[in-house]
Amino acid sequence: MRFHRMNVALVPRNALNCLDLAIRFYGRFLVPILKLWAVFALPACLLVYLLCYYFLIEMKTAVTVAYFASSPLGVLLTWNSALFSFGETPGIGSLRRQFQPRMIPLMLRCLFDRVLLFIGPALVFYTDSFLTIMLGILYLFFPGIWLALRNGFRVEHAALKQIGIAGQEENSHDHRTKDLISTHFSTLCWRGAWTLFFCYILTCVLFITFDYLCSTLLDINILIGQMPYAFDPDNLGDPISNALLLLSTDPRVLTVFTGFILLIYPIGRLAWFFTYLDLRVRYDCWDMELRMAEVSQRLTRKEVVL
């Protein structure tokens, strides 16, 4: 094991601690993470705007675009965060340093995992048949949740293999990860759901705040500024229906909301990475191995002095 250069303390962390560390990590490397965000968010937002403007898509399609765009974003973010955490790099570097050609197969594999996981939501939101909707709901629970957790640490495992922690024990390392997921399945489900809920609330809060500031300071109407027109009694239709239609189909609303989904996503992905570290610390005693390595180094130094 190579724990002697850790930049992140190997201590047990609960879900709140993982989110707190993820936010601090995000703040420390804000500029490189924002650059990485721009690489994927700008094309995704442009795609959403064009689709909404020309094809009148709804919120579900915008969320779908963000869902798939977040996959390569999460791979690059987690990979470079793992390298920094284990002392392999001094930080999250430039975009050219973050992306390496050997990561392309990993990105494609993770994207394929997203496609498999998306079958359930696709049946629920993109079909009208009662039978297919029920099949989609069933798929969300099984094998949907199982696939999400089973493949949820793929990038972490690949990064540790690159660092050398998996090393010659790659197969046993992989099996150990699967065993931990199986044994603590319910805990991981709860922590994943809590992280998802936190990111959803934070996305909505920041979107509303940004919308309000744009409306009051810059006189740019995204959602709040258009609400008076939706509730205007002279307009046709029910005011509530007009407001919901504005919320779910307006190009500006969907474009900005897509950008904020991808802006907050790194916090959730980093929290999931730190959840993986917590899992290995609690049940594989990585913190004890680090302390043993430190004691060994001290003893070696004393022997050299003697």
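The values are calculated or read from the model by the stated rules, or taken from the named source; none is laboratory data. All values derive from a computational prediction rather than experimental measurement. Please note: Cβ atoms are built from the backbone with ideal geometry, for glycine as well, and neighbour counts cover all protein chains shown.
State yes or no: is L254 part of a helix (DSSP H, G or I), in contact with a Ser or Thr (Cβ under 9 Å, 6 or more places away or on another chain) and under 19 Å from T61 (Cβ atoms)?
Values: part of a helix (DSSP H, G or I): yes; in contact with a Ser or Thr (Cβ under 9 Å, 6 or more places away or on another chain): yes; under 19 Å from T61 (Cβ atoms): yes.
Yes.
Under 7 Å between Cβ atoms, at least 6 apart or on separate chains: pull out the pairs that start in region 174-186 with a residue that is in contact (Cβ under 8 Å) with a residue 24 or more places away in the chain and end on any residue that is surrounded by 12 or more Cβ atoms within 10 Å (Cβ to Cβ) and hydrophobic (A, V, I, L, M, F, W, C).
T177/F153; L180/L279; I181/L149; I181/L188; H184/L279; F185/L149
Looking at (1) within 22 Å of the chain's Cα centre (by Cα); (2) modelled with pLDDT under 95; (3) among the charged types (D, E, K, R), which is the only condition D179 fails?
(1)
Looking at V11, V48 in this structure, which one is touching a helix residue (DSSP H, G or I) at 6+ places or on another chain (Cβ under 7 Å), at pLDDT 95 or above and surrounded by 13 or more Cβ atoms within 10 Å (Cβ to Cβ)?
Going through V11, V48 in turn, just one is touching a helix residue (DSSP H, G or I) at 6+ places or on another chain (Cβ under 7 Å), at pLDDT 95 or above and surrounded by 13 or more Cβ atoms within 10 Å (Cβ to Cβ): V48.
What about R5, is it buried (at least 16 other Cβ atoms within 10 Å of the Cβ) and charged (D, E, K, R)? Outline the logic, then answer.
Details: buried (at least 16 other Cβ atoms within 10 Å of the Cβ): no; charged (D, E, K, R): yes.
Spelling it out, it is not the case that R5 is buried (at least 16 other Cβ atoms within 10 Å of the Cβ) and charged (D, E, K, R).
On the basis of being among the aromatic types (F, W, Y) and closer than 16 Å to A271 by Cβ, does F68 make the cut?
On the way: among the aromatic types (F, W, Y): yes; closer than 16 Å to A271 by Cβ: no.
Judged against the criteria, F68 is not a match.
So which of C189, C214 is touching a helix residue (DSSP H, G or I) at 6+ places or on another chain (Cβ under 9 Å), closer than 30 Å to P143 by Cα and in a helix (DSSP H, G or I)? Break it down stepwise before answering.
Numbers: C214 fails: closer than 30 Å to P143 by Cα.
Every option except C189 fails the conditions.
Check every one of the helices (runs of 4 or more DSSP H) wholly within region 107-166 and list those with 3 or more residues that are surrounded by 18 or more Cβ atoms within 10 Å (Cβ to Cβ). It would help to see each step written out before you state the result.
Details: elements: 130-139, 145-150, 154-163.
Passing ranges, in order: 154-163.
Contact list please: Cβ distance under 6 Å, first residue in region 55-66 and small (G, A, S), second residue surrounded by 19 or more Cβ atoms within 10 Å (Cβ to Cβ), pairs at least six apart or on different chains.
Within 6 Å, the pairs are A62/V48; A62/L254; A62/T258; A66/T258; A66/I261; A66/L262.
Regarding region 12-29, can at least one residue be identified that is more than 19 Å from the chain's Cα centre (by Cα) and in a loop (DSSP other than H, G, I, E, B)?
yes
What number of residues in region 10-26 are over 15 Å from W190 (Cβ atoms) and free of Cβ contacts under 8 Å to residues at least 12 places away in the same chain?
Within region 10-26, the first condition is being over 15 Å from W190 (Cβ atoms), and the residues that meet it are 10-12, 20-26.
This time we only want the ones that are free of Cβ contacts under 8 Å to residues at least 12 places away in the same chain, so: 20, 24.
Number satisfying all stated conditions: 2.
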